[in-house]
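Trainee: Questions regarding the structure given below will be posed in turn.
Please treat every number below as a calculation from the coordinates, not as lab data. Note that the coordinates shown come from a computational prediction; the quantities given were computed from them, not determined experimentally. Positions of Cβ are generated from backbone atoms using ideal geometry, with glycine treated the same way; all protein chains shown enter the neighbour counts.
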Protein chains: 2
Amino acid sequence: MQIIRVETPSAKYDVVTGSGLLETLAPRIERIAGRLPRRVFVLTSAPIWALWGEVFSASFAEPPIILFLEPGEKFKTLGSVEKLLREMARAGGDRGSLLIAFGGGIVGDVGGFLAAIYMRGISYVQVPTTFLAQVDSSVGGKTGVNLPEGKNLVGSFNHPLAVFADIGVLGTLPDRELRAGLMESVKAGIIRDRALVRFMEENAEAVLDRDAKALEKVIAASIRMKAGVVNRDERENGLRMILNLGHTVGHALEQATGYKVLLHGEAVGWGMIAALYLGRKRGTITGGQFERLQTLIHLYGPLPELNLKAKKIIAATGSDKKNVGGVRRFVLPVGIGDAGVVEDVAPPELVAAVSYMLAQAGPAPAK
Amino acid sequence: MQIIRVETPSAKYDVVTGSGLLETLAPRIERIAGRLPRRVFVLTSAPIWALWGEVFSASFAEPPIILFLEPGEKFKTLGSVEKLLREMARAGGDRGSLLIAFGGGIVGDVGGFLAAIYMRGISYVQVPTTFLAQVDSSVGGKTGVNLPEGKNLVGSFNHPLAVFADIGVLGTLPDRELRAGLMESVKAGIIRDRALVRFMEENAEAVLDRDAKALEKVIAASIRMKAGVVNRDERENGLRMILNLGHTVGHALEQATGYKVLLHGEAVGWGMIAALYLGRKRGTITGGQFERLQTLIHLYGPLPELNLKAKKIIAATGSDKKNVGGVRRFVLPVGIGDAGVVEDVAPPELVAAVSYMLAQAGPAPAK
C-alpha cells in the first residue's frame with residue numbers, strides 16, 4: 001500500500017493505492033470523516049456494481065444508497081446530473097451527506113460535480129475502478145460534464161476527502177482499457193519521472209500481466225507525479241499545463257472521430273507521438289530520446305489505426321478549451337523527465353507533426 | 001457612495017452602493033479586472049433590459065453579449081442553466097470571459113451559478129436591480145437554482161469580483177417589492193444593528209419615498225451587517241445562521257403557499273413576527289422590545305393576509321435545507337441588535353408562535 005498526499009491551497013487529502021482497499025472501505029472512510037453520516041450515496045454504473053457491489057457493501061454496517069449512472073460518454077450530461085440530484089433530494093440527502101464515486105472516469109467526474117453542487121457542496125470520496133481514473137481523473141479536483149457544444153465545458157474544481165485506488169478491481173478491466181490507461185503513466189514518466197520511464201521499459205510484461213506489485217508501482221508513481229504538479233498549481237494557471245502533453249492533438253483526434261473510435265488514452269498516445277516529433281524538430285529532445293520514447297509508447301500499444309486527414313485534425317486543435325484568447329498551446333517534452341509549454345507552433349510545423357503521426361497510424365500496423 | 005469590503009477566506013471584494021453607478025459600469029469593472037476580456041456576457045431579464053439596457057450599455061466600448069433569463073421563480077432551474085451555458089459556448093465564451101448578472105435575486109443566483117460552473121469557473125460581477133438583491137442575495141456568494149423537490153437545492157458558494165448596487169435603478173421597482181425587500185433591512189437591524197433599527201423607525205417616510213440619501217443609508221448598513229457576518233463565517237457553519245432570523249417560518253410560509261402568494265421578504269416579515277414571539281416567551285427580548293420591533297415590521301408593511309392552517313406551516317418547517325441530521329433550527333432575537341440560534345424549540349412552543357402570527361394575519365387587517 002502507498003499513500004500519496006495532495007496539498008493544494010483549497011484542500012489536503014490522501015490518495016491511497018494498494019490491494020484489498022475495497023473490502024475495508026467503510027472503516028477507512030470513517031477514520032477520515034469522523035463517522036459515516038446518516039445518508040451515504042454511492043454513484044456507480046450497473047456493470048461495475050454487478051461485479052463489485054457485494055465486496056463494496058460488505059464493510060458498511062448500514063447499506064448505502066446506490067445511484068446508477070448509465071455507462072458511456074453520452075450520459076455525461078447535465079440531464080443525468082439533474083436526475084441524480086433529484087434522486088438524492090428524494091432520498092433525504094442533506095448537507096451532512098457523503099457521496100462515494102465508484103467507477104471509471106465518467107463516474108468520478110459526474111460524482112465530483114454532484115458533490116460540488118448538491119446543496120452547494122457535500123463531501124465526497126473517489127473509488128476509481130479503471131486504470132485511467134486511478135492515475136488521472138481521481139487526482140486534481142476536476143469534475144464536470146459535457147455540453148453538446150464540447151466536452152467538459154461545465155463543472156467545478158472540487159477535491160475529494162480521499163481517493164482509494166484499489167489494484168484488485170483492475171482484475172476485471174478489459175485489456176484495451178488497461179493499455180490505454182497506461183498511456184497516462186507513460187506521459188507521467190516523460191514529463192516528470194525518468195525512473196518511471198525506465199521501470200515501464202524494463203517491466204512491460206509484468207505490468208501488462210497485471211502483476212499487483214508492478215501495477216502498484218506504476219500507479220503510485222503516476223499519481224505522485226500528478227499530485228506534485230497539482231500541489232503547485234491547483235487552478236491550471238501554469239505548471240499544470242504540462243499534464244496536457246499529447247492532449248492538444250489527442251483531443252483533436254477524439255473530436256474528429258466523434259469520441260467513438262478512440263479511448264482517451266489511445267488518443268493521448270498518438271498525440272504524444274506528434275508532440276515528440278515537434279520536440280525533436282525544435283531540439284528539446286535528441287534523436288535518441290525521440291526513438292526511445294516512441295518505442296515506449298508502442299510497447300504499451302497497439303494504438304488503433306487512424307483514418308483521418310491532417311486538415312481535419314488541425315482544424316480541431318483550434319477548439320481546445322485550454323486555448324485562452326485564441327492562442328494554441330502545446331506541451332513539448334524537454335529531455336526525459338521534463339516538459340515545457342509553447343504557444344508559437346506555426347501551422348507548417350503542426351502539419352509536419354500530424355503528418356508524421358498519421359504516417360505511423362496508417363493501415364499498415366504501426367511498429 | 002459607500003464601499004463595503006467583503007473578506008472571506010476564499011474571496012475579497014468590494015460592494016459599492018450609490019447613485020450613477022450604472023452609467024459608469026465598464027470603467028469601474030476595468031479598474032478591478034485589469035481590462036475587459038474579449039467576451040463579456042450580461043445575464044438579465046427582458047423587462048429589466050427594456051428599462052435599463054441603454055444606460056447599461058452606454059459605458060461599454062464593445063457591446064456585451066446579452067443572455068436573457070425569463071422572469072420568475074419557475075425559470076430558476078437546471079434547464080435554464082443548461083440553455084444559457086450552451087449559448088455561452090456557442091458565443092465563444094472561454095475561461096477568460098466575464099459574466100455580469102444584471103437583475104433581481106433570481107438573475108443573481110443563476111448568474112453566479114453559471115459563472116461557477118462554466119468551464120469550471122469564470123469571473124463575474126453582480127449588478128442587482130431590486131432592493132432585496134442589493135441588500136441580501138448579492139453578498140455572501142450563495143448561488144444556485146431550484147429542483148422540483150425544493151428551493152435552492154443545487155448551487156455553489158461563488159463570490160463575485162465586485163457588486164455594484166445602484167440606487168437609481170430602484171426608481172422603477174414596484175412599491176410592494178420595495179417594502180418586501182426592506183424586511184431584510186429590518187432583519188439586519190434586529191440581529192446586528194441597533195442604529196439601523198432607530199434610523200428605520202425615524203425615517204420610514206423618506207425611505208418609502210425612495211429618498212436617495214435615506215435609501216443609500218439603509219442599503220449600506222444592511223450590506224455592512226451581512227458582509228460582517230459572512231466575513232466571519234463564509235460557509236454557514238455557525239454565525240451565518242443568524243441571518244436566517246424569520247426564515248424557518250418564512251420558508252415554511254413560502255412552501256405552504258407554493259411560492260406564489262408571498263414575496264420572500266413578506267414571508268420573512270411574518271416569520272420574524274413568529275420569531276419575536278418565541279424570543280419574548282423565552283425572555284431573550286423584553287415585552288417592550290417585542291412591541292417596538294413588531295411595530296417596526298408593520299411600519300414597512302402591510303404584510304399580506306395568510307389563509308393557512310398552523311398545522312400545514314409547522315409541517316413545512318421540517319423540510320428546511322438548513323436542518324442537518326433532522327434538527328429544526330430557530331434564530332431568536334437577543335435584545336435589539338443581537339441574535340442566537342436554538343435547536344430545542346418544542347412543538348407546543350412552535351404551535352403557539354405560529355398561532356400568534358396567524359391571529360395577526362387574518363382577514364381583519366393586521367395592525
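Trainee: Which whole-number percent is the relative contact order of segment B:17-85 (Cα, under 8 Å, 6+ apart)?
Mentor: With pairs under 8 Å counted, the relative contact order is 34 percent.
Trainee: Could you tell me what a quarter of the Cα convex hull surface of segment A:95-240 works out to, in nm² with one decimal place?
Mentor: Result: a mean projected hull area of 9.3 nm².
Trainee: Okay, moving on. What are the ³J(HN,Hα) couplings of segment A:203-215, residue after residue, when phi is run through the Karplus curve with 6.51, -1.76, 1.60 and θ = phi - 60°? Round to Hz, x for glycine and proline.
Mentor: Using θ = phi - 60°, the values come out as 10, 4, 5, 4, 5, 6, 7, 6, 4, 4, 4, 5, 5 Hz.
Trainee: Here is a further query. Once you sort the root eigenvalues of the Cα gyration tensor of segment B:1-151 as a ≥ b ≥ c, which label holds: rounded (a/c under 1.5), prolate (a/b larger than b/c) or oblate (the other case)?
Mentor: It comes out rounded by the Cα gyration axes.
Trainee: Additional query: I need the calculated FRET efficiency for the pair B:Met1 and A:Lys12, taking r as the beta carbon distance and R₀ as 60 Å, to the nearest 0.05.
Mentor: With a Förster radius of 60 Å, E is 0.90.
Trainee: Same structure again: Specify the residue with the greatest mean-square fluctuation among B:Ala188, B:Ala133, B:Ala315, computed from a Gaussian network of chain B linking alpha-carbon atoms under 10 Å apart.
Mentor: Looking only at B:Ala188, B:Ala133, B:Ala315, the largest GNM fluctuation is found for B:Ala315.
Trainee: Output, in nm with one decimal and in ascending order, the distances from the A:Ile32 label point to the matching label points of the other copies (7 Å from Cα along Cα-to-Cβ).
Mentor: 3.6
Trainee: Give a residue-ordered list of calculated ³J(HN,Hα) values for segment B:261-271 (Karplus: 6.51 cos²θ - 1.76 cosθ + 1.60, θ = phi - 60°; whole Hz; x for Gly, Pro).
Mentor: 9, 10, 6, 3, x, 5, 5, 5, x, 5, x
Trainee: Next up: How charged is the neighbourhood of B:Ile32? Take every other residue with its Cβ under 14 Å from the Cβ of B:Ile32, and add Lys/Arg as +1 and Asp/Glu as -1.
Mentor: Once all neighbours under 14 Å are counted, the net charge is +3.
Trainee: On to the next question. Can you give me the distance in nm between label points at B:Leu208 and B:Asp175, each placed 7 Å from the Cα along the Cα-to-Cβ direction?
Mentor: 0.8 nm
Trainee: Using a Gaussian network model of chain A whose springs link C-alpha atoms within less than 10 Å, name the residue from A:Val230, A:Val345, A:Val127 with the highest mean-square fluctuation.
Mentor: So, out of A:Val230, A:Val345, A:Val127, the one fluctuating most is A:Val345.
Trainee: Taking B:Glu305 in one copy and the same position in all the others, each labelled 7 Å out along Cα→Cβ, what are the pairwise distances from the first, in nm, shortest first?
Mentor: Reported distances to equivalent positions: 8.1 nm.
Trainee: Could you compute the FRET efficiency for B:Leu299 and B:Ala58, with r as their C-beta to C-beta distance and R0 at 45 Å, rounded to 0.05?
Mentor: After rounding to 0.05, the efficiency reads 0.75.
Trainee: Next question, about the same structure. With the cut-off at 21 Å, tell me which of the pairs A:Lys12/B:Lys226; B:Lys12/B:Lys217; A:Lys76/B:Lys151; A:Lys151/B:Lys151; A:Lys151/B:Lys83; B:Lys74/B:Lys151 have Cα atoms farther apart than that.
Mentor: Flagged as over cut-off: A:Lys12/B:Lys226; B:Lys12/B:Lys217; A:Lys76/B:Lys151; A:Lys151/B:Lys151.
Trainee: Within chain B, which is the longest segment containing none of the GluC sites (Glu not before Pro) that sit in a DSSP loop and have at most 16 other Cβ atoms within 10 Å?
Mentor: Maximal segment without exposed cleavage sites: B:150-304.
Trainee: Now for a separate question. Using alpha-carbon pairs under 8 Å, 6+ residues apart, how would you state the relative contact order of segment A:116-203 in percent? Please list the in-between numbers first.
Mentor: Values: 95 pairs, mean separation 27.0, N = 88.
It rounds to 31 percent for segment A:116-203.
Trainee: Further question: Of A:Val169, A:Val107, how do they rank once you tally other Cβ atoms within 10 Å and put the fewest first?
Mentor: A:Val169, A:Val107
Trainee: Under the rule a/c < 1.5 gives rounded, and otherwise a/b versus b/c splits prolate from oblate, where does chain B land using the Cα gyration tensor?
Mentor: Taking the square roots of the gyration eigenvalues as a ≥ b ≥ c, chain B is prolate.
Trainee: Quick one: label points 7 angstrom along Cα→Cβ at B:Gly228, distances to the other copies in nm, smallest first?
Mentor: B:Gly228 label point versus its equivalents elsewhere: 5.0 nm.
Trainee: A further question follows. How large is the Kirkwood hydrodynamic radius of the protein assembly as shown, counting all unique pairs of alpha carbons, in Å?
Mentor: Here the Kirkwood hydrodynamic radius works out to 27.7 Å.
Trainee: Report the residue, chosen from B:Leu67, B:Leu253, B:Leu208, that carries the largest GNM mean-square fluctuation when chain B is represented by alpha-carbon nodes joined by springs under 10 Å.
Mentor: Comparing B:Leu67, B:Leu253, B:Leu208 in the GNM, the peak value goes to B:Leu208.
Trainee: Here's a follow-up. Relative contact order for chain A: what is it in percent, counting Cα pairs under 8 Å that are at least 6 residues apart?
Mentor: Once divided by the residue count of chain A, the mean separation gives 15 percent.
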